[in-house]
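Comments concern the structure below.
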Amino acid sequence: MNAFGAVQVTQAFLPLLSKSKKARIVNTSSGYGQLSGLSADVPSYCLSKLTLDGVTIMLAEALQPQGIVVNAIDPGWVQSDMGGSTAPRTLEQGADTTVWLATEAPTNLTGKLFYERHVVSY
């Protein structure tokens, strides 16, 4: 669902996104989706996030002619139901880059993965 859900949501909203002058899509990935972060301990999760990163790259390329910016974020290990209360990052810290990409980030940055407002390697 991590990858295919993002594709389905994008397809559903594409007619509306196409009408916007500043359309942006921000996918939530993970360090576990990076090639350097793949782990045999959580293979399904890693592969789904790796696939989402690929989807991000392909959507960015396909939608760039329409001016739609597509990026992914790694929020880090966040204090949430999934991350638990001992995670080192707050929800606010995890959400910061998402909000920035959705509102303020330069529109020439597309098809990238971000952590703490910086591009990181897939």
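The values are calculated or read from the model by the stated rules, or taken from the named source; none is laboratory data. All values reported here derive from a predicted model rather than from experimental measurement. Every residue, glycine among them, receives a Cβ derived from its backbone with ideal geometry; neighbour counts consider all protein chains shown.
Exactly one residue among Ser48, Ser36, Ser29 is within 12 Å of Tyr122 (Cβ to Cβ) and modelled with pLDDT of 95 or more, and that residue is Ser29.
Residue by residue, here is whether (1) of a type in the set (A, V, I, L, M, F, W, C); (2) within 20 Å of Ala12 (Cα to Cα); (3) in contact with a His (Cβ under 6 Å, 6 or more places away or on another chain); (4) assigned to a helix (DSSP H, G or I) holds:
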position: Asn27; (1), (2), (3), (4): no, yes, no, no
position: Cys46; (1), (2), (3), (4): yes, no, no, yes
position: Ile57; (1), (2), (3), (4): yes, yes, no, yes
position: Val119; (1), (2), (3), (4): yes, no, no, no
position: Tyr122; (1), (2), (3), (4): no, no, no, no
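Of all residues in the stretch 64-76, one or more are assigned to a loop (DSSP other than H, G, I, E, B), among the hydrophobic types (A, V, I, L, M, F, W, C), in contact with a helix residue (DSSP H, G or I) (Cβ under 8 Å, 6 or more places away or on another chain) and surrounded by 15 or more Cβ atoms within 10 Å (Cβ to Cβ).
Scanning the stretch 66-99 for residues that are among the hydrophobic types (A, V, I, L, M, F, W, C), in contact with a strand residue (DSSP E or B) (Cβ under 8 Å, 6 or more places away or on another chain) and modelled with pLDDT of 95 or more turns up Ile68, Val69, Val70, Ala72, Ile73.
Checked against (1) in contact with a strand residue (DSSP E or B) (Cβ under 7 Å, 6 or more places away or on another chain); (2) surrounded by 15 or more Cβ atoms within 10 Å (Cβ to Cβ); (3) of a type outside the set (S, T, N, Q), Tyr32 passes all but condition (1). Would you mind stating whether Thr110 is in a loop (DSSP other than H, G, I, E, B) and not aliphatic (A, V, I, L, M)? Here the answer is yes, as Thr110 does meet what is asked.
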